[in-house]
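**Student:** Below you will find the structure I want to go over with you.
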Amino acid sequence: MKKILIIYTGGTIGMIHDPKTYELIPFDFSHFKSQIPEIKKFNVSIDTYQCDKIIDSSDLKPELWQKLATIIYKNYDKYFGFVILHGTDTMAYTASALSFMLENLSKPVILTGAQLPIGTLRTDGKENLISSIEIAADELNGEPVVKDVCIYFEYKLLKGNRTTKKSAEYFDAFCSPNFPSLADAGININYKHNLLSKKITNKKLKININLNNDIFIIKLFPGINLDIISDIINNKNIKLIILETYGAGNAPTNKKFIEIIKKGIKKGIIFLNVSQCLEGNVDMTKYKTGKLLKKTGVISAYDSTIEAAVTKAMWLLGQKYTNNQIIKKLNKSIKGEINL
């Protein structure tokens, strides 16, 4: 019988109402089967792992990514697939980070969660969890159908490092703005096999959990104080700055702004250009403002989500590559996170 490991990190999905105070509190997820009796219908064996400290995903730190990668690595040969229950606020960061940290992954790692606790009326948690387990257990010709880090939410399976949270209000909380869904769930789960990873399963899983978070995000807006940007550039710890620019990667042509960028590059800081737009591609050849950034030495993040850009940058810096090596890898798709 196939075995699936469910890893519970925290988040709304695993909360219940305290019968005395009616406040939301975490429940012991080892008893989750009593909350979802439908799981008994699956012809799979399900084990659970509950993190020692249940966290709100807003408190997430990169150490959790390292812990999750290590749990999967140590249990990789025991299980057919993995389901990670996670808070929604930073789920896309975790999915992106794991995609870079897990090398030669040939089994499903499905992240899911809920907008409402699993024990409440109208919860989306049951469907999300049940379908995630089904996807993690699905096979074709004896191999897992999914061989990637993905997010399943509200009837859609999305590539993890292409996903971002779009809504704090609706069940349809996540989107993959520049890449199609990998599967859509209706009466059946309809996989888009042409989009699914075709990884060879005889390669041994490797993990590389080294990260470096000496990065900073500067979101441009009209009237931004350039002296503050200058102060950031002068911080001796900063190794990489993500510029969240307008449209197709455009920024002010203000001479002082460009001189600050040049100064940062001269100091050895790498600048990565991510668009503030959900959809579309950074193209620094399109307009004068973008061309000026490119000439200055700013690197395009293409159609990357901000979550993928952040985690890719942290992971590359953690490998202790030279700046030239990092720049070359930023211009490549490592795990399908960008479309060139």
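**Student:** Take the Cα coordinates of region 116-253, assign each an equal point scatterer, and use the Debye formula without solvent to give log10 I(q)/I(0) at q = 0.16, 0.17 Å⁻¹.
**Tutor:** -1.00, -1.04
**Student:** On to the next question. Per 0.36 nm of contour for each residue apart, how much would the distance between residue 63 and residue 36 grow if the chain were fully extended, relative to their Cα-Cα spacing?
**Tutor:** Result for the pair: 6.7 nm of gain on full extension.
**Student:** For helix 125-137, report the angle its Cα long axis makes with the longest principal axis of the Cα atoms of the chain; keep it between 0 and 90° and round to the nearest 10°.
**Tutor:** Rounded to the nearest ten degrees, it is 90.
**Student:** Could you tally the net charge around residue 127, taking each other residue with its Cβ under 15 Å from the Cβ of residue 127, Lys/Arg +1 and Asp/Glu -1?
**Tutor:** Result for the neighbourhood of residue 127: -2.
**Student:** Residue farthest toward the positive end of the dipole of region 2-207, with Cβ of Lys/Arg at +1 and Asp/Glu at -1: which of 175, 68, 205?
**Tutor:** 205
**Student:** Turning to a different aspect of this structure: In Å, the Kirkwood hydrodynamic radius of the chain over pairs of distinct alpha carbons?
**Tutor:** Result for the chain stands at 21.0 Å.
**Student:** Here is a follow-up. Can you tell me the 0 to 90 degree angle between the C-alpha axis of helix 62-75 and the longest principal axis of the chain, rounded to 10?
**Tutor:** Between helix and principal axis, roughly 40 degrees.
**Student:** Using Cα centres only, tell me the gap between region 59-121 and region 213-229 in whole Å.
**Tutor:** 31
**Student:** About its Cα centre, how strong a charge dipole does region 121-278 have in debye, to the nearest 20, once Lys and Arg get +1 and Asp and Glu get -1 at the Cβ?
**Tutor:** The dipole magnitude comes to about 920 debye.
**Student:** For each of 321, 79, count neighbouring Cβ atoms within 10 Å of the residue's Cβ, then give the residues from fewest to most.
**Tutor:** In increasing order of surrounding Cβ atoms, one gets 321, 79.
**Student:** Jot down the per residue volume, in cubic angstrom and as a whole number, of the convex hull over the alpha-carbon atoms of region 50-149.
**Tutor:** Spread over its residues, the Cα hull of region 50-149 gives 103 Å³ apiece.
**Student:** Taking the beta-carbon count within 10 Å as an exposure proxy, list 124, 89, 77 from fewest neighbours to most.
**Tutor:** Placing the least packed residue first, the sequence is 77, 89, 124.
**Student:** I've got another one for you. Once each part is reduced to its C-alpha centroid, what is the distance from region 149-171 to region 174-197 in angstrom?
**Tutor:** 11
**Student:** Please list, by residue number, every one of the GluC sites (Glu not before Pro) in region 220-292 that is coil in DSSP and has at most 13 other beta-carbon atoms within 10 Å.
**Tutor:** Loop-located and lightly packed - 279.
**Student:** A further question follows. So the label point goes 7 Å from the Cα of residue 70 along Cα→C-beta, right? Which residues of region 88-128 then have their backbone N under 19 Å from it?
**Tutor:** Counting backbone N atoms under 19 Å from the label point, the list is 94-95, 97-103.
**Student:** Skipping prolines and chain starts, which residues have an amide H placed within reach, meaning under 5 Å, of the one on residue 197, given they are 5 or more residues away or on another chain?
**Tutor:** So residue 197 has HN proximity to 147.
**Student:** I've got another one for you. For residue 174, what residues show an amide H to amide H distance below 5 Å, using hydrogens built from the backbone and excluding near sequence neighbours?
**Tutor:** 166
**Student:** Based on the Cβ-Cβ distance of residue 263 and residue 333, what FRET efficiency does E = 1/(1 + (r/R0)^6) give at R0 = 25 Å, to the nearest 0.05?
**Tutor:** 0.25
**Student:** For region 186-193, in order, what is each residue's ³J(HN,Hα) by Karplus, 6.51 cos²θ - 1.76 cosθ + 1.60 with θ = phi - 60°, in whole Hz (x at glycine and Pro)?
**Tutor:** Result, rounded to whole Hz: x, 4, 10, 8, 9, 7, 9, 4.
**Student:** Please determine, in degrees from 0 to 90 and to the nearest 10, the orientation of helix 91-101 with respect to the longest principal axis defined by the Cα atoms of the chain, where the helix direction is its Cα long axis.
**Tutor:** That works out to roughly 80 degrees.
**Student:** Also: So for region 2-207, taking the charge dipole from beta-carbon charges (+1 Lys/Arg, -1 Asp/Glu), which of 57, 141, 88 sits furthest toward the positive end?
**Tutor:** 141
**Student:** Using only alpha carbons, build the gyration tensor for region 222-335 and give me the equivalent ellipsoid semi-axes, biggest first, whole Å.
**Tutor:** 20, 18, 12
**Student:** Moving on. In the structure displayed, which of 262/286; 286/332; 166/255; 203/239 lie more than 27 Å apart, Cα to Cα?
**Tutor:** Those over the limit are 166/255; 203/239.
**Student:** For the chain, give the magnitude of the charge dipole about the Cα centre (Cβ charges: +1 Lys/Arg, -1 Asp/Glu; no others), in debye to the nearest 20.
**Tutor:** Magnitude of the dipole: close to 1740 debye.
**Student:** Which values of log₁₀ I(q)/I(0), to two decimal places, follow from the Debye formula for region 245-285 at q = 0.19, 0.24 Å⁻¹ with a uniform point scatterer at every Cα?
**Tutor:** Taken in order of the listed q values, log10 I(q)/I(0) reads -0.62, -0.86.
**Student:** With a cut-off of 8 Å between alpha carbons and a minimum separation of six or more residues, what is the relative contact order of region 215-330 in percent?
**Tutor:** The normalised contact order for region 215-330 reaches 25 percent.
**Student:** In region 193-340, if the dipole is taken from +1 on Lys/Arg beta carbons and -1 on Asp/Glu beta carbons about the Cα centre, which of 309, 218, 228 is farthest to the positive end?
**Tutor:** Toward the positive end, the furthest listed residue is 309.
**Student:** Starting from 0.36 nm per residue, how many nanometres of slack lie between residue 53 and residue 236 once their C-alpha separation is accounted for?
**Tutor:** Once the chain is fully extended between residue 53 and residue 236, it gains 62.6 nm.
**Student:** What's the center-to-center distance, using Cα atoms, between region 275-324 and region 235-269 in Å?
**Tutor:** 11
**Student:** Using the count of nearby Cβ atoms within 10 Å as a rough guide to exposure, how do 300, 58 rank from fewest to most?
**Tutor:** Sorted ascending by nearby Cβ count, the order is 58, 300.
**Student:** Another question about this same structure. Tell me what the chain gives for mean residue ellipticity at 222 nm when only DSSP H runs of n ≥ 4 count, each as -39,500 (n - 2.57), the sum divided by the residue total, rounded to 500 deg cm²/dmol.
**Tutor:** Taken over the chain, the calculation gives -8000 deg cm²/dmol.
**Student:** Collect residues whose amide H, placed 1.01 Å from N in the peptide plane, falls under 5 Å from the amide H of residue 156; neighbours closer than 5 in sequence don't count.
**Tutor:** Excluding prolines and chain starts, which carry no amide H, the hits are 185.
Values in this text are rule-based calculations from the coordinates and carry no lab data. Just so it is clear, the model here is predicted, and its values are computed rather than measured. Note that we place each Cβ from the backbone using ideal geometry, even for glycine, and neighbour counts take in every protein chain shown.
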